[in-house]
Every structure is written in C-alpha cells, then in structure tokens.
Amino acid sequence: MSYQTLKILHIAGLALTFMGLAGVLGMKMNGGGRPKRHWVFFVVHGVGLLLLLASGFGLVDRLGLMRGTRALPGWVQAKLVIWLLAGAAVSLASRLSRYAELVLLFFTALVVAGAWLAITKPF
C-alpha cells in the first residue's frame, strides 16, 4: 500500500476510535441506559483501534524503521503507549461519565500527544 493510503487509513482509524469513545461517553452521560444499539460505539472504537495499529505499523515500515534488528524509535514506542491508553479509554468513558469534562480533556491530550510525536519525531 502507498504511504498516502496508509496515512488516510490511519486518520480514519483515529476518527473512528475517538468517535466511538465520544459516543460511549455521550450515551453514559444521557442516563447510562442500554439503548438497542449501544454496542455500535464499542464496535466503532474497536475497528478504529485496529485500523490505527495496522496502518501505523504499515507507515513505520514505509519509513524504513522496521528493517534490521534494532528497536523501534522512542516516538513509535510512545505512540504505542498512546494506542494502549486509547484502548483503555473506553473504560473511562463508560465508568466516569460524571467527570465528562476531564475525560474529554484526556481524549484531547491523547490526540495532541500523538500528533506531536508523529509530526516532530523527537526521539
């Protein structure tokens, strides 16, 4: 796949992941009941995470960072930590809806940190 296609998939994965998180948070803030389609937000979140991971490793490969036996650069490792936090964030959205402002701030911080690492590649 081309670098541009992988980038588009990566951004789509980012959008799906955080739309799913926002949907879960909104659903819980709206009373926490289980509407018929509550699972849609969890599925969207999971599909987004898979797209992020697969396209992210594709991008790392396209940059030539997976060749040889050396470890991945620090910025890639940091993005993997952000990916793990984004995966666990569905639990925050689901259980801490009473702190919605802080949870949304946390989601924003994850996106900003990931973007900063991708653009600057500081380490």
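Every number in this text was worked out from the coordinates using simple rules, so none of it is lab data. For clarity, every value in this text was computed on a predicted model and none was experimentally measured. Quick reminder, even Gly has a Cβ in these numbers, built from the backbone with ideal geometry, and neighbours come from all protein chains shown.
For residue 2 and residue 112, a Förster radius of 25 Å and the Cβ-Cβ distance give a FRET efficiency of 0.40, rounded to the nearest 0.05.
Of all lysines in the structure, those lying under 28 Å Cα to Cα from residue 36, and not within fewer than 8 positions of it along the same chain, are 28. From helices alone, the chain scores -27000 deg cm²/dmol at 222 nm; the rule is -39500 (n - 2.57) for each run of n ≥ 4 DSSP H residues, then divide by the residue total.
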